[in-house]
Structures are given as structure tokens and as C-alpha cells.
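Reviewing the structure listed below.
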């Protein structure tokens, strides 16, 4: 994760968690180069999940698209710099939607402009329309999808963000 990603997650996530308790699931939480864990206040529960055990991983995924949690068991799903390493991001977001409670929020960030970085694979780059398509396919209502930073040519790292809500069925 790079500093701009961390800062933008702070801007988006922290206000959501200031009141009341929440369970936050971080998909792709293995600490390779930083985590979002310290953005989750102590009154909330943080669960980090990834494909393999390691720093900042509380539970290991059963497979690339299977999170060992009950349906509707988390309030907020976050995932940063993970989707580009997933061979089928639609399946992973569908699984995130399964574990997300009705009216729960999902915050995704993945690169639009960034160099190839195999961990173990690097499959995609994302645009707001693509994130919205993934959300629509997975039953998530898009609240916002955007590029950050929005100005081209100003940075060699541009992230695509998507924030959505799981609607009532």
C-alpha cells in the first residue's frame, strides 16, 4: 500500500466507524507493505483475511473465493490493493457481498495506474465504470466510484475507489 491509499482509506473509513461498534473485514490483509488495521478504532472489531497466514491475518481464506465467515456477519468490508491480484474479481466481491450484512458498506481500492507487481499474480487495472459493473453484478449499490488522484500526469500511482452499500433484498 502506498501513502495516498492509506490517507484516502482514512478519509473514507474513519467517519463510518466513529459511532457504535462494527465488525470490519479486511480482504487481502497480509502486511506486505502496510495495513489499514490501525484505522479501525478499538470499539470496533477488525478481522484480517488473506490466502495465507502471516502478519495481520486473523483468518485464512479457504480458497481464493471462500471466506470462512457466516453470511451477513460483518458490517463493513474493506479491501485495498488486492483485487488486481485476483484472477476473478467478480467472484471475490460476490463473496464479500455474501458475508456483508444488509445495509453494510464495502470500500474497495485497486490500482488504475501502477507498475506490474506479482503477488503472486497481477491481473487487472480498474476504472470507476469497472468497479460499478462489479458491484452491480454482485448486488451492491454503488455510492461512489472515482479515481484518486484525479489529475492525470501528476502521479505514477492512481487508484480506483468504489464505495457501495448492500441493499435490502
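Restricting attention to segment 123-150 and to residues that are touching a strand residue (DSSP E or B) at 6+ places or on another chain (Cβ under 9 Å), surrounded by 12 or more Cβ atoms within 10 Å (Cβ to Cβ) and at pLDDT below 80, the residue that is farthest from residue 163 (Cα to Cα) turns out to be 124. Note on segment 83-100: among residues that are in contact with a helix residue (DSSP H, G or I) (Cβ under 8 Å, 6 or more places away or on another chain) and crowded, with 16+ Cβ neighbours inside 10 Å, the one that is farthest from residue 66 (Cα to Cα) is 83.
In segment 158-169, the residue that is nearest to residue 16 (Cα to Cα) out of those that are modelled with pLDDT of 80 or more and part of a loop (DSSP other than H, G, I, E, B) is 166. When every residue of segment 101-119 is checked against the conditions, none turns out to be in a helix (DSSP H, G or I) and surrounded by 19 or more Cβ atoms within 10 Å (Cβ to Cβ).
The values are calculated or read from the model by the stated rules, or taken from the named source; none is laboratory data. Note that the structure is predicted; figures quoted are calculated from it, not measured. With ideal geometry, Cβ positions are generated from the backbone for all residues, glycine too; neighbour counts draw on all protein chains shown.
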